[in-house]
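Visitor: Below is one structure. I have some questions about it.
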Amino acid sequence: MITDTVLKRKGMDILSESLGLVDAERFISLILREQFDYTEWQQGLYKDISLDEFCNNTKIFKSEQESTS
């Protein structure tokens, strides 16, 4: 298990890499500003996708990440 500080740093790095620094900060600001139930949001996130489709998408994403590194 990693420390909270390392987790926050990695999370911010991922957000910044994916969204850019400005939009990553904006995303965090939106989360803090709104009443947000992460558990409720996460439970509905993949409700319209089958487990097989999710697994296939994960494999595709992983192979794309490996080919770019």
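The values are calculated or read from the model by the stated rules, or taken from the named source; none is laboratory data. Only a predicted model underlies this, so the values are computations on that prediction, with no experimental measurement involved. Cβ: placed from backbone, ideal geometry, glycine included. Neighbour counts: every protein chain shown. For accessibility, only protein heavy atoms count, side chains too; no ligands or nucleic acids. Shrake-Rupley method; radii C 1.70, N 1.55, O 1.52, S 1.80 Å.
Visitor: Using a simple spin-label model with points 7 Å from Cα along the Cα→Cβ vector, what separation in nm is obtained for residue 4 and residue 52?
Guide: 4.4
Visitor: Place a +1 charge on the Cβ of each Lys and Arg in the chain and a -1 charge on the Cβ of each Asp and Glu, then give the dipole magnitude about the Cα centre in debye, rounded to the nearest 20.
Guide: 200
Visitor: Debye sum, Cα scatterers, the chain, no solvent: what log₁₀ I/I(0) at q = 0.15, 0.19, 0.25 1/Å?
Guide: -0.78, -1.15, -1.13
Visitor: At 222 nm, what value in deg cm²/dmol follows for the chain if DSSP H runs of at least 4 each add -39500 (n - 2.57) and the sum is divided by all its residues, to the nearest 500?
Guide: Using -39500 (n - 2.57) per qualifying helix, the result is -25500 deg cm²/dmol.
Visitor: Run the accessible area of the chain with a 1.4 Å probe and give the carbon-and-sulfur part as a rounded percent.
Guide: With neighbouring chains kept in place, the figure for the chain is 56 percent.
Visitor: Please work out the average accessible area per residue across the chain, using the 1.4 Å probe convention, and give it in Å². Could the numbers behind the result be given before it?
Guide: On the way: 6600 Å² over 69 residues.
Heavy-atom accessible area per residue stands at 96 Å².
Visitor: Can you put 5, 39 in order of accessible area, largest first, using a 1.4 Å probe?
Guide: From most exposed to least exposed: 5, 39.
Visitor: Please identify the helices of the chain, taking whole runs of DSSP H, that span at least 30 Å along their own axis as judged from the Cα atoms and have a mean Kyte-Doolittle score of -1.0 or higher.
Guide: Result, helices passing both filters: zero.
Visitor: Something else: With the crude spin-label approximation of a point 7 Å out along Cα→Cβ, what separation in nm comes out for residue 43 versus residue 31?
Guide: Placing both labels 7 Å beyond Cα along the Cβ direction yields 2.0 nm.
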